[in-house]
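The values are calculated or read from the model by the stated rules, or taken from the named source; none is laboratory data. Quick caveat, the model's predicted, so the values are computed rather than measured. Using ideal geometry, Cβ is built from the backbone for each residue, glycine included, and neighbour counts are taken over all protein chains shown. In case anyone asks, the SASA skips ligands and DNA or RNA and just uses the protein heavy atoms, side chains included. Shrake-Rupley method; radii C 1.70, N 1.55, O 1.52, S 1.80 Å.
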Amino acid sequence: MKLVLDRVGLRVDGEAHLYEIDLALEPGSLNLLLGPTLAGKTSLLRLMAGLDRPTSGRVYIDGRDVTELGVRGRSVAMVYQQFVNYPSFTVYENIASPLRIGRRLGAAEIDRKVRAVAETMRIDGLLDRLPAELSGGQQQRTAIARALAKEAELLLLDEPLVNLDYKLREELRAEMAEIFARGGTTVVYATTEPAEALLLGGHTAVLDAGRLIQFGPTLRVYHRPATVRVGEIFSDPPMNLMAATIERRGGGGAVRLAPDLAFPLPGHMRALLPGDCRLGVRASHIDLSPGSPAHVAIPATVELAEISGSETFIHARHDDLALIAHNAGVHAYALGAPVTLYLDPRRLFAFDEGGRLIAAPDHEPGAVSGAA
């Protein structure tokens, strides 16, 4: 199924939820909707499903205008954040339910499909249980299995793992990446997490406050965020941003971050004109020890040490320059303590004063440079 949104907008009670979105999804493709809460992801999924109708623009499936066609007239399945299963049905009957409606399949064919998809989702040993007897992860596996069994042309997933604990999320993410790669269904998967988009791959549409601000292959969007805002959204924590000045001296050039902090222009920024700009660097690309002689040492003061799972995020300041550095493992840093951060200039993004990308780090094709 090829799905095309043509200048689609949505207003609810006079309030704009989506602004003139143009988006074309190829048949059998995997597509991520990445954005913060209230970016418009769920609103967009509901328009794709036919649950809501746009207030402007048109929706096309395989060249046919389906804007006024409801969900029953589209080949679509949807998985929600909550574990939506029929409470009085066993796992088997939950998965079989879409196969019994209008498909005219024999009992043997239904049984084959149910058991096959249950095995894929690793719940084949739970088929006789009721949803209330399942863990959260097992309930969501059942909901996903039911959607897969439907074999719809369009599969929509609205942050399906958000209510699971960390370990279950990691486990299901890896499995779903393999499942989506094998199928011929067009998949749209909404998430707030850059790491999830990177793991699943495919193409990513970055949404912000109801606007589509970039769409393309996931790794390309990650490595070349078109704007400052895309860079912030496609980084966790948000990309560090720094006011900077490009200086030219004779045949060389330098980047100045503070009166006492300057370094030679890295290779990917040598074509930039002198003047003010904004630089961005991901927290995972600021180190606590020098990785090479090219690294720039930034003396700073610890303002906060934030421990998240097995990671520590150090919030530090050098004069007006505030930075967040990612340090693997659990570490204690006293507030106000001195710390030296090491910045690799080759990892810097440069944006003009309007927030548009003007230089991006070099990277190996297909490689993800560090964590999101």
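Quick look at the numbers
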quantity	calculated
Flag if residue 33 is closer than 16 Å to residue 155 by Cα, part of a strand (DSSP E or B) and in contact with a Lys or Arg (Cβ under 8 Å, 6 or more places away or on another chain)	yes
Elements of type strands (runs of 3 or more DSSP E) contained in segment 313-356, each with 2 or more residues being open to solvent by 60 Å² or more (accessible area, probe 1.4 Å) and closer than 20 Å to residue 296 by Cα	none
Residues (open to solvent by 30 Å² or more (accessible area, probe 1.4 Å), in a helix (DSSP H, G or I) and closer than 16 Å to residue 150 by Cα) located in segment 167-193	182
Residue count for segment 57-107, restricted to those that are out of contact with any strand residue (DSSP E or B) (no Cβ under 8 Å at 6 or more places or on another chain), within 24 Å of residue 141 (Cβ to Cβ) and either outside any loop (DSSP other than H, G, I, E, B) or without any contact (Cβ under 8 Å) to a residue 24 or more places away in the chain (or both)	14
Test: residue 248 is open to solvent by 50 Å² or more (accessible area, probe 1.4 Å), under 26 Å from the mean Cα position of the chain (by Cα) and without any contact (Cβ under 8 Å) to a residue 40 or more places away in the chain	no
Scan of segment 196-241 for residues that are assigned to a strand (DSSP E or B), in contact (Cβ under 8 Å) with a residue 24 or more places away in the chain and under 13 Å from the mean Cα position of the chain (by Cα), ordered by number	203, 204, 205, 206, 207, 208, 215
Neighbours by Cβ (under 6 Å, 6+ apart or cross-chain): first from segment 159-174, aliphatic (A, V, I, L, M); second outside any helix (DSSP H, G or I)	162/81; 172/161
Qualifying residue in segment 157-180 (condition: more than 13 Å from the chain's Cα centre (by Cα) and at pLDDT 95 or above)	no
Test: residue 118 is surrounded by fewer than 22 Cβ atoms within 10 Å (Cβ to Cβ) and of a type in the set (Gly, Ala, Ser)	no
Filter pass, residue 24 being assigned to a strand (DSSP E or B), of a type in the set (A, V, I, L, M, F, W, C) and more than 16 Å from residue 205 (Cβ to Cβ)	no
Segment 258-284: number of residues that are closer than 21 Å to residue 355 by Cβ, among the hydrophobic types (A, V, I, L, M, F, W, C) and either assigned to a loop (DSSP other than H, G, I, E, B) or open to solvent by 20 Å² or more (accessible area, probe 1.4 Å) (or both)	4
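A quick yes/no check of all residues on (1) at pLDDT 95 or above; (2) open to solvent by 40 Å² or more (accessible area, probe 1.4 Å):
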site	(1), (2)
1	no, no
9	yes, no
12	no, yes
21	yes, no
27	no, yes
31	yes, no
47	yes, no
